[in-house]
Every structure is written in C-alpha cells, then in structure tokens.
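Right, one structure below, let's go through it.
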Amino acid sequence: MQLKIKLTALAMAGGTAALVLAGTPALASSHAGIHAGIHAGIHAGIHAGSKAVTAPESAYGVIYGQAATANNPTIPLGWRGQVYAHSVFSPDEGGPPAKGQDHTFTTSAGNLTVVVTAPPNSSGSVNPKTCHFAFTTDVVFAAVGSQSTGKFTGTSGPGAVEVYNAGFVSRYTSGPHSGQCNTSNNAPELVKGAIETFLLSAVLTTP
C-alpha cells in the first residue's frame, strides 16, 4: 500500500474502526474513564440488587507482511470477556468518524453497535534514518444496547479503539535524493516489517 493511502486508511479506520475499545497505555485517559465505569457499574449493581453483569470485553487481531500492506487490510479478531466470539475488521471508505456517529461490529455471537463519543485522536512519525513509520488512531465510544443483537442485546458501557500500523518505506536509488527515505505520496510500503493491529477494550454491562 502506498504511504498516502495507508495514512488515509488509518484515519478511516479510526472512524469505522473507531469502535474498538482499547485498554492500553496509549489510551490512558480513555482507560481511566473505563476503569471508573467498572466500579460505578459494579457499585450500582450491588446496591440496586440488579442481575446485570459488568465486566471487561476485548477484541484483538494482528496481521503482518503482505496482508498488512494491502490497500484495504482485513484483520481477524478474537473477542474475549463476557462474550467469546470472532469477527474481522477492515477500514471503510468513508472519512474520519465524528462525534455521534455509530458503527456496528458484526461477530459470530451477534452485533455490537456503538456510538463515537469524541473525535478520533491520530498520531504518527517517520524515522528519516531507518525509513520506519508508525501511526496510531484512538477512538472512544459507548455501546448502544438497543441496536445490538445476540449476546450483545441490551449491552451498555464505555470503550475505546486503537488501530496501530507500522512498517518501512523504500529509499530512493537515484537522483538528488538517492539514499534518502521515499516519503512521497506514492511511496510504496515494504512487505518486510509491516504490521497492523486492532485492539478493542471495553467495560460492558449486560442485563
């Protein structure tokens, strides 16, 4: 995949992929909110005598090499926590998500619909010495139980998504920039060292 296309795809992934909860250091602020939500949910459940269950849910997948350099990569995901399931993630062809935009994750155990609660946060860098690049997109969301199905029916709770992509671009072999990293808009991404991950980490309450 060309570098410009990859950057655009990541931005889109942040929006549509924007639905993965990521409880990682990169999402420290989001994770803090989720952590608070766990205790609030458990506390409320105990005092209200509710049968609702509040617990973590995560989905993770990673691809390497040729699969990670595709124009529209597909990442197999494994879901763990309250619900065990499998699904795939692939960035859509739209723009970055906006606050209030919803998205549905289709899994083997039902659909989880979420709504984006804040604009996505993207960051990245390119090392001019090694030609290595890395980009991350984080998005926070809340589950929409009324639009979810299967084992996710009635689910509520906060979450965050993190999409990470890294790899190498080639160097110019001739001309005035010979030996330098090719970071032009049409720069091809090298297969060796390419990686893309999807991490969803959420705290879900099911009725």
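In this structure, is THR173 open to solvent by 10 Å² or more (accessible area, probe 1.4 Å), touching a residue at least 24 places away in the same chain (Cβ under 8 Å), on the phi < 0 side of the Ramachandran plot and more than 23 Å from the chain's Cα centre (by Cα)?
no
Those residues that are part of a strand (DSSP E or B) and in contact with a helix residue (DSSP H, G or I) (Cβ under 9 Å, 6 or more places away or on another chain), I need them from region 153-169; list them, please. Outline the logic, then answer.
Initially, region 153-169 is screened for residues part of a strand (DSSP E or B), giving 156, 158-169.
Matches in region 153-169: SER156, PRO158, GLY159, ALA160, VAL161, GLU162, VAL163, TYR164, ASN165, ALA166, GLY167, VAL169.
Please work out which residue is surrounded by the fewest Cβ atoms within 10 Å (Cβ to Cβ), limiting yourself to region 126-154 and to residues that are closer than 30 Å to GLY179 by Cβ and of a type in the set (A, V, I, L, M, F, W, C).
Once the filter is applied, the top-ranked residue is ALA134.
Looking at VAL88, VAL191, can you tell me which residue is aliphatic (A, V, I, L, M), assigned to a loop (DSSP other than H, G, I, E, B) and open to solvent by 40 Å² or more (accessible area, probe 1.4 Å)?
Numbers: VAL88 fails: assigned to a loop (DSSP other than H, G, I, E, B).
The match here is VAL191.
Quickly run through region 57-71 and pick out the residues that are in a loop (DSSP other than H, G, I, E, B) and open to solvent by 50 Å² or more (accessible area, probe 1.4 Å). Give the steps one after another, and end with the answer.
Taking region 57-71 as the starting set, the residues that turn out to be in a loop (DSSP other than H, G, I, E, B) are 70-71.
Correct list: ASN71 only.
Among the numbered criteria (1) under 21 Å from ASN72 (Cα atoms); (2) open to solvent by less than 70 Å² (accessible area, probe 1.4 Å), which one does SER123 miss?
Only one criterion in (1) under 21 Å from ASN72 (Cα atoms); (2) open to solvent by less than 70 Å² (accessible area, probe 1.4 Å) is unmet by SER123, namely (2).
The values are calculated or read from the model by the stated rules, or taken from the named source; none is laboratory data. Just so it is clear, the model here is predicted, and its values are computed rather than measured. Using ideal geometry, Cβ is built from the backbone for each residue, glycine included, and neighbour counts are taken over all protein chains shown. The accessibility values were calculated without ligands, DNA or RNA, using every heavy atom of the protein model including side chains. Shrake-Rupley method; radii C 1.70, N 1.55, O 1.52, S 1.80 Å.
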